[in-house]
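Accompanying notes for the structure given below.
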Amino acid sequence: MTKEKDLLASVSDVSTESEFFSPVPKGYKKGKCRYVFVVGTVMSGLGKGIFSSCLAKLMQDKGIKVAPIKLEGYLNIDSGTLNPFRHGEVFVLDDGMECDMDLGTYERMLDQELSRANFATSGQIFSSILNKERHGDYLGRDVQMIPHVTGEVKLKLRQLAMETDADIVFVEIGGTVGDLENAYYIEAMRELAYEEGSNSSCFVALTYILEPKTLGEQKSKAAQLGIKQLMQCGIQPSIIACRAASPATEKVRQKISVYSNVPFERVISLPDSASIYMIPAMLREVGLDFEVARLLKIEDRINLRNERKAWARWCDFSDKMSKIDRKATIGITGKYTSVRDSYASIINALEHAGIALGCDVKIKWIDTTDVTDENAAGHLNDVDGIIVPGGFGTRGAEGKIACVKYARENNLPYLGICFGFQMAVIEFARNVCGLAKANSTEIEPDCPEPVIDILPEQKKIEGLGGNMRLGGREIEIKSNTLAWKLFGKADSVRMRFRHRYEVDPRYIERLEEAGLVFSGKAPNQPIMQILELPGHPYFFGTQAHPCLTSRPLKPQPMFLGLVAAAMKKRYPKENLPERIETIKKA
Ligand code: GLN
């Protein structure tokens, strides 16, 4: 705490004498970093993170250093204990932070590694405040939402600006204007903009334009009310982005402009898009990037040559989207089959690999609760490959094992991710090594052949939340294996983890003797991290989550391998395009 105090140059007048309270990190220069605040009105789920990441990308292309941050209203300390069915997938950063899936969007769009500094929840903010209070840091004052809680938020943003040396911090506020839980974030933004001075910040409000079927025309009233609510908080938006199923009409944009004091050209239309990778071009077309630069008066920091190069690279990528001439279907098994958000990174990783290979990857969701050895063929005979993704608990596990068995025996390309890796080990132990009772102690605590068991380091930890093996770790790759070839003959690769269980080292030898190859393991520890099956067209598993580090311009090799194998299966007679060979050799 004293260290933290040292970092605070001016906890300006922490006394009963003054109403000003705004902790600022030591060395912080007001006005150096600019802030773009992105808020949503009318409803949640407008794609604030997507919008914000695309805009940040356009600025980054210009050589401007950006740092995104997501502010969540909930009281959880991180997203680790959240149900993906309700909140979308839990994204894991390299430093082990379990956070909202939007951080994944930022990492992919910006091709930038983020850290815990890029994510805050009300839980973190309040926990820090309460610690400081117990420590006596408020010197006799009553600790208030304003200025103390808002002060803590501003401190977090300024710390991020300092740590990253960013030109622009993009602040995305979770939820919708008017929500009780994010009201203090919005107040903190207002204060920050006031304290930083003119041209320091720019507020972007995303809103939604209704188009009731019975009327057949767009209506702007809900949007107007939403913006009005923001203005009641003392915030004048600089830009309004109108989300809608189809492009917002000029009339609707004019209405919104008149009611919100936002110039017409800054009320932009942002209709639904087939791929989020088309949005940067949409924003660029309406000149939003330069508009933001003007509003923030940072035109002098723009590097046009950098922009030309970065944009050409991006266009090469997006051009590939229009040259897709193959297709393949990948089955994904999982409990949360109805919610695409629960598997956002996997869907993205498949899209990246598909675009690189010119293949439209369709997904077939397979609920494994009813899958058995007998009916697996019925579920899987129309897919070209299968992924068993990460998961927890027992429901559907036997069905997943039946899918693995089918894939192994029928040369169906297979990629097991974390839980899917563990299911592959269980299947192999049962059906190839003859350990009929093999299982994971997560599924069957007293199982007689616990081929998957809790990690020794995890046995000591009690309670839920933050107790998994988390974050980026090195994986040692065995030479001359498929993994080694896929990773460009690298001896080691870094991937991100989120698990509590592992292959019980006592079984490794037996599994290997029967033909399973552990081609990746933790350095200096018998933790198996990648498995493969020689002789099978593509049978691969990893204890890590390779989808978390796939990027549009850098597709993840394990996903490339899966899509390539699925294409080979789909087009067996065709002289397969050179692209697959190139990728395989890469
Ligand atoms: N439930 C498994 C474990 O804890 C797998 C976790 C996962 O798939 N992320 O090891």
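Could you tell me whether Ile475 is open to solvent by less than 40 Å² (accessible area, probe 1.4 Å), of a type in the set (Val, Ile, Thr), more than 15 Å from the ligand (Cβ to nearest atom) and more than 26 Å from the chain's Cα centre (by Cα)? Working first, answer last.
Details: open to solvent by less than 40 Å² (accessible area, probe 1.4 Å): yes; of a type in the set (Val, Ile, Thr): yes; more than 15 Å from the ligand (Cβ to nearest atom): yes; more than 26 Å from the chain's Cα centre (by Cα): no.
So Ile475 fails the test.
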Worksheet, complete the sentence: The condition of being free of Cβ contacts under 8 Å to residues at least 40 places away in the same chain and crowded, with 24+ Cβ neighbours inside 10 Å holds, among Thr368, Thr372, only for Thr368
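Against the condition open to solvent by 10 Å² or more (accessible area, probe 1.4 Å), farther than 23 Å from Ala67 by Cβ and acidic (Asp, Glu), how does Glu133 come out, does it pass? Spell out how you get there, then give the answer.
Working: open to solvent by 10 Å² or more (accessible area, probe 1.4 Å): yes; farther than 23 Å from Ala67 by Cβ: yes; acidic (Asp, Glu): yes.
Taking the combined requirement at face value, the residue satisfies it.
Pick from Thr333, Thr329, Thr394, Thr369: which is modelled with pLDDT of 95 or more and among the hydroxyl-bearing types (Ser, Thr, Tyr)? Give the derivation first.
Numbers: Thr333 fails: modelled with pLDDT of 95 or more; Thr394 fails: modelled with pLDDT of 95 or more; Thr369 fails: modelled with pLDDT of 95 or more.
Going through Thr333, Thr329, Thr394, Thr369 in turn, just one is modelled with pLDDT of 95 or more and among the hydroxyl-bearing types (Ser, Thr, Tyr): Thr329.
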Worksheet, complete the sentence: Wholly inside region 235-345, helices (runs of 4 or more DSSP H) that include 2 or more residues that are closer than 22 Å to Ser200 by Cβ are 288-295
Fill in: region 381-393, subset among the aliphatic types (A, V, I, L, M) and closer than 18 Å to Phe419 by Cβ, residue nearest to the ligand (Cβ to nearest atom)
Val388
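Does Leu531 count as farther than 30 Å from Met321 by Cβ, surrounded by fewer than 22 Cβ atoms within 10 Å (Cβ to Cβ), within 16 Å of the ligand (Cβ to nearest atom) and in contact (Cβ under 8 Å) with a residue 40 or more places away in the chain? Lay out the reasoning, then the answer.
On the way: farther than 30 Å from Met321 by Cβ: yes; surrounded by fewer than 22 Cβ atoms within 10 Å (Cβ to Cβ): no; within 16 Å of the ligand (Cβ to nearest atom): yes; in contact (Cβ under 8 Å) with a residue 40 or more places away in the chain: yes.
Judged against the criteria, Leu531 is not a match.
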Discussion item. Going through Lys554, Lys521, Lys489, Lys569 one at a time, which residue ends up being free of Cβ contacts under 8 Å to residues at least 60 places away in the same chain and on the phi < 0 side of the Ramachandran plot?
Written reply: Lys521
Fill in: Test result for Phe419, open to solvent by less than 40 Å² (accessible area, probe 1.4 Å), aromatic (Phe, Trp, Tyr) and away from the ligand (no atom under 16 Å from the Cβ)
no
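Kindly provide the set of residues from region 537-558 that are more than 17 Å from Trp314 (Cα to Cα) and within 16 Å of the chain's Cα centre (by Cα), ordered by number. Spell out the reasoning first.
Filtering region 537-558 for residues more than 17 Å from Trp314 (Cα to Cα) gives 537-549, 556-558.
Once the filter is applied, which keeps residues that are more than 17 Å from Trp314 (Cα to Cα) and within 16 Å of the chain's Cα centre (by Cα), region 537-558 yields Ala544, His545, Pro546, Cys547, Leu548, Thr549, Gln556.
Taking the criterion of being closer than 27 Å to Gly561 by Cα, out of contact with any Lys or Arg (no Cβ under 8 Å at 6 or more places or on another chain) and away from the ligand (no atom under 13 Å from the Cβ), would at least one residue in region 452-467 satisfy it?
Start the filter on region 452-467 by keeping residues that are closer than 27 Å to Gly561 by Cα, which leaves 452.
Retained after the next criterion (residues that are out of contact with any Lys or Arg (no Cβ under 8 Å at 6 or more places or on another chain)): 452.
Those still in the list that are away from the ligand (no atom under 13 Å from the Cβ) too: none.
For region 452-467, residues closer than 27 Å to Gly561 by Cα, out of contact with any Lys or Arg (no Cβ under 8 Å at 6 or more places or on another chain) and away from the ligand (no atom under 13 Å from the Cβ): absent.
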Discussion item. Within region 349-364, does at least one residue satisfy the condition of being in a loop (DSSP other than H, G, I, E, B), over 26 Å from Pro445 (Cβ atoms) and either in contact (Cβ under 8 Å) with a residue 24 or more places away in the chain or open to solvent by 50 Å² or more (accessible area, probe 1.4 Å) (or both)?
Written reply: yes
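Considering each of Leu412, Leu380 in turn, give the residue that is surrounded by fewer than 23 Cβ atoms within 10 Å (Cβ to Cβ), touching a Phe, Trp or Tyr at 6+ places or on another chain (Cβ under 8 Å), modelled with pLDDT of 95 or more and among the hydrophobic types (A, V, I, L, M, F, W, C). If you could, list the steps in order and put the result at the bottom.
On the way: Leu412 fails: surrounded by fewer than 23 Cβ atoms within 10 Å (Cβ to Cβ).
Step by step, each of Leu412, Leu380 is checked, and only Leu380 is surrounded by fewer than 23 Cβ atoms within 10 Å (Cβ to Cβ), touching a Phe, Trp or Tyr at 6+ places or on another chain (Cβ under 8 Å), modelled with pLDDT of 95 or more and among the hydrophobic types (A, V, I, L, M, F, W, C).
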Fill in: Near pairs, Cβ below 8 angstrom, 6+ apart or cross-chain, from region 401-427 (on the phi > 0 side of the Ramachandran plot) to any residue that is more than 14 Å from the ligand (Cβ to nearest atom)
Asn411/His536; Asn411/Pro537; Asn411/Lys569
Item to complete: Consider Gly178 carefully, then state whether it is within 13 Å of Val39 (Cα to Cα), modelled with pLDDT under 95 and surrounded by fewer than 20 Cβ atoms within 10 Å (Cβ to Cβ).
Response: yes
Worksheet item: Taking region 497-520 on its own, how many of its residues are surrounded by fewer than 24 Cβ atoms within 10 Å (Cβ to Cβ) and either more than 16 Å from the ligand (Cβ to nearest atom) or outside any strand (DSSP E or B) (or both)?
Response: 15
Worksheet item: Which number in (1) hydroxyl-bearing (Ser, Thr, Tyr); (2) closer than 28 Å to Met109 by Cα; (3) open to solvent by 50 Å² or more (accessible area, probe 1.4 Å) marks the one condition that Ser273 misses?
Response: (3)
Worksheet item: Which of the residues spanning region 239-265 are open to solvent by less than 50 Å² (accessible area, probe 1.4 Å), under 32 Å from the mean Cα position of the chain (by Cα) and not β-branched (Val, Ile, Thr)?
Response: Ala241, Cys242, Arg243, Ala244, Ser246, Ala248, Arg253
Practice prompt. Return the residue satisfying two criteria in turn: it lies in region 32-65 and is open to solvent by 10 Å² or more (accessible area, probe 1.4 Å) and of a type in the set (Val, Ile, Thr), and of such residues it is nearest to Cys99 (Cα to Cα).
Written response: Ile50
Worksheet, complete the sentence: Residue count, region 297-308, condition open to solvent by 100 Å² or more (accessible area, probe 1.4 Å) and farther than 17 Å from Cys54 by Cα, comes to 3
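Run down Ala183, Ala161 and say which single residue is surrounded by fewer than 20 Cβ atoms within 10 Å (Cβ to Cβ), of a type in the set (Gly, Ala, Ser), more than 16 Å from Val42 (Cβ to Cβ) and within 27 Å of the chain's Cα centre (by Cα).
Working: Ala161 fails: surrounded by fewer than 20 Cβ atoms within 10 Å (Cβ to Cβ).
Step by step, each of Ala183, Ala161 is checked, and only Ala183 is surrounded by fewer than 20 Cβ atoms within 10 Å (Cβ to Cβ), of a type in the set (Gly, Ala, Ser), more than 16 Å from Val42 (Cβ to Cβ) and within 27 Å of the chain's Cα centre (by Cα).
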Worksheet item: Among Ala429, Ala438, Ala424, Ala397, which is the only one that is surrounded by 19 or more Cβ atoms within 10 Å (Cβ to Cβ), within 10 Å of the ligand (Cβ to nearest atom) and within 24 Å of Met468 (Cβ to Cβ)?
Response: Ala397
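The values are calculated or read from the model by the stated rules, or taken from the named source; none is laboratory data. The structure presented is a predicted model; accordingly, all values stated were derived computationally and were not measured. Because the Cβ atoms are built from the backbone with ideal geometry, glycine has one as well, and the counts that use them run over all protein chains shown. Side chains included, ligands, DNA and RNA excluded: accessible areas come from the protein's heavy atoms. Shrake-Rupley method; radii C 1.70, N 1.55, O 1.52, S 1.80 Å.
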